[in-house]
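See below for the structure under consideration.
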Amino acid sequence: MAFIERVNSKNIEGITAEPVKIDKVIQGEPTEYAVIIDRISQDVPFYRAYLKNAALTGTSVINNPFWWSADEKFFNNCLAIKIGVPVPKTVILPSKDLPTDTNDQSFSNLAYPLDWENIFKYIGFPAYMKPFAGGGWKSVYKVSDPDDLFSKHAETGQLVMMLQEEIVFTEYYRCYCIGGKYVRIMSYEPRNPHHLRYAADFAPSEERHKQMEAIVLRINHYLGYDFNTVELAVRDGIPYAIDFCNPAPDAEVKSVGQENFDWVVETSANYAIEKARTHQEGKDNLTWGEFVKRSAAGQDLVEVNDLRFWDWTNLK
């Protein structure tokens, strides 16, 4: 409601904001909205279907519902490796329980046992285990050794989990990115209780701030998100992207604090207005990331010189 009030308080002719109202969804018929900001369809499949139809008929949906449906955290890490962004060493693990409507034969391509020796050698301990899709710090485990991993993995049911190297950090930041160009870098302490995580006092240098802003923008340009957060953990002077698939990021004032909340409201309002002003009736008004655009055009994912610029291994 703060976003709606801020847009309307600007009194821009022809532009008003309201909560989306849906009374019917007919295939191929457009909505009345030029722009929709999506904060809920990850939990309501009906809304996701509505938004895809809206996008197909010209609505600018923030974030792109087609990409959001396809994206997940393990892919994000794979892409980060390819574009030269530092990330923790990560592997993906099959679910402990068989997915519904499958049996042992469904997994005939999967070696048993997995090559645990080399997996553990690659990741090291302690490590973190978390779902490859999802968020909200749900089902996240710290594991101390193989026995601890197997014990906790037994609790995860049909969830597909990632096992990830622990980054012992000296600084940690959570960064909003809106419109692929507006970045707010916030000091963050993930080890604090949830309501105190933004009560951290890490103070990046000007050089570090520019470095992190560049990483945040690069990630979002390739993913194509209009509204996302990126978490960065600094180890040995290098910011590692820890979690950067957050298309409906926390923006609750009691959580993020008044100053961050005000920035999100103002920046998202301005960006939504910008999207409304550039809206083209009946055309594709979605944001598509460099990964999709370059793939569709048969281009290299990154230019050789560009990737050399993004080699962070010697950057302190």
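The values are calculated or read from the model by the stated rules, or taken from the named source; none is laboratory data. Remember, it's a predicted structure, so these values are computed and weren't measured experimentally. Cβ placement follows ideal geometry from the backbone for every residue including glycine, while neighbour counts extend to all protein chains displayed. SASA here: full protein model, heavy atoms, side chains in, ligands and nucleic acids out. Shrake-Rupley method; radii C 1.70, N 1.55, O 1.52, S 1.80 Å.
When the residues of segment 74-95 are filtered to those that are assigned to a loop (DSSP other than H, G, I, E, B) and either over 30 Å from Glu303 (Cα atoms) or among the aliphatic types (A, V, I, L, M) (or both), the one that is most open to solvent (accessible area, probe 1.4 Å) is Pro94. Listed conditions (1) outside any helix (DSSP H, G or I); (2) in contact (Cβ under 8 Å) with a residue 12 or more places away in the chain; (3) over 30 Å from Met1 (Cβ atoms) are all met by His221, apart from (1).
For segment 59-66, state whether one or more residues are assigned to a helix (DSSP H, G or I), within 14 Å of Tyr222 (Cα to Cα) and open to solvent by 20 Å² or more (accessible area, probe 1.4 Å).
Step one: of segment 59-66, the residues assigned to a helix (DSSP H, G or I) are 65-66.
Narrowing the set further to residues that are within 14 Å of Tyr222 (Cα to Cα) leaves none.
Looking through segment 59-66, none of the residues is assigned to a helix (DSSP H, G or I), within 14 Å of Tyr222 (Cα to Cα) and open to solvent by 20 Å² or more (accessible area, probe 1.4 Å).
Can you tell me how many residues within segment 158-196 are free of Cβ contacts under 8 Å to residues at least 12 places away in the same chain and of a type outside the set (A, V, I, L, M)?
3
The selection criterion, being modelled with pLDDT of 95 or more, surrounded by 20 or more Cβ atoms within 10 Å (Cβ to Cβ) and part of a helix (DSSP H, G or I), does not hold for Val230.
Filter segment 96-130 down to the residues that are of a type in the set (Phe, Trp, Tyr) and surrounded by fewer than 13 Cβ atoms within 10 Å (Cβ to Cβ) and list them by number. Within segment 96-130, Tyr112, Trp116 qualify.
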